[in-house]
Amino acid sequence: MDFSRVKENLEKRGFTVSVFDSAAAAADYLDAAIDGRTVGFGGSITLQQMQLAERLESHNELFWHWKVKEGETPADALKSARGAEIYVTSVNGLAESGEIINIDGTGNRVAAMLYGHKKVYFVVGSNKLTPDYESALHRARNIAAPMNAKRLSRKTPCVEGGRCFDCSSPERICRGLAVLWEKMGGSDMEVLLIDEVLGY
């Protein structure tokens, strides 16, 4: 895939951008770049597929509520991830025009992408890319959110109907939306574009 347009637009918005042919190459890059740090992970099938946690935790202190340490609860991991130096997550939608979109149920990922870390890495498979902001938002709401709700066995209309119904279900997972129009001030932010289908 040709990432040249989105790379150019992200860089205009202040992001550092790295492009990789494979998830394995991106994992190698992050494994070398992040060393001896505290690292928080957002909930992400992309990161899980890359087996990135297993690599980074050998030489960093890693906090991920999907991979809880002995004596720790998911809530403990979420709290520790919030205070980590580095945060690694994926996105629900990335527009070629440069907007980055995430939808969240508990708010940990949308909060982390906005404030509090020395560096945030967004790890993005080619399937997350759309032409513009409107289509990226549509993707986040109508593709990523229903697939995540299904993965979590939620009883929501989107699981049955395969698209967002803007429901009021108590099991709704799309409760908060964050859009980055530009890199946030006070934090280093890097987008890793990977020419593979990863996550939802």
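A few remarks follow.
- Taking (1) out of contact with any Gly (no Cβ under 9 Å at 6 or more places or on another chain); (2) open to solvent by less than 10 Å² (accessible area, probe 1.4 Å); (3) over 23 Å from LYS7 (Cα atoms) in turn, LEU30 satisfies each apart from (3).
- Search result, residues across region 8-23 that are loosely packed, with under 14 Cβ neighbours inside 10 Å and free of Cβ contacts under 8 Å to residues at least 12 places away in the same chain: GLU8
- Residue count for region 2-34 satisfying the condition of being outside any helix (DSSP H, G or I) and among the charged types (D, E, K, R): 3.
- Answer residue from region 107-145, given it is buried (at least 23 other Cβ atoms within 10 Å of the Cβ) and among the β-branched types (Val, Ile, Thr) and is nearest to THR38 (Cα to Cα) among those: VAL120
Results for (1) part of a loop (DSSP other than H, G, I, E, B); (2) out of contact with any strand residue (DSSP E or B) (no Cβ under 7 Å at 6 or more places or on another chain), shown as yes or no for each residue.
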residue: GLU134; (1), (2): no, yes
residue: LEU137; (1), (2): no, no
residue: ALA145; (1), (2): no, no
residue: ASN148; (1), (2): no, yes
residue: GLY186; (1), (2): yes, yes
residue: TYR200; (1), (2): yes, yes
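- Among (1) open to solvent by 80 Å² or more (accessible area, probe 1.4 Å); (2) closer than 21 Å to TYR115 by Cβ - the single one SER44 does not satisfy: (1)
- Complete set of residues in region 56-85 that are open to solvent by 50 Å² or more (accessible area, probe 1.4 Å) and assigned to a helix (DSSP H, G or I): PRO74, ALA75, ASP76, LEU78, LYS79, ARG82
- Region 76-91: number of residues that are farther than 27 Å from ARG141 by Cα and small (Gly, Ala, Ser): 3
The values are calculated or read from the model by the stated rules, or taken from the named source; none is laboratory data. Quantities reported herein were computed from a predicted structural model and do not represent experimental measurements. Cβ: placed from backbone, ideal geometry, glycine included. Neighbour counts: every protein chain shown. Just so you know, the surface numbers come from the protein's heavy atoms only, side chains and all, with ligands and any DNA or RNA stripped out. Shrake-Rupley method; radii C 1.70, N 1.55, O 1.52, S 1.80 Å.
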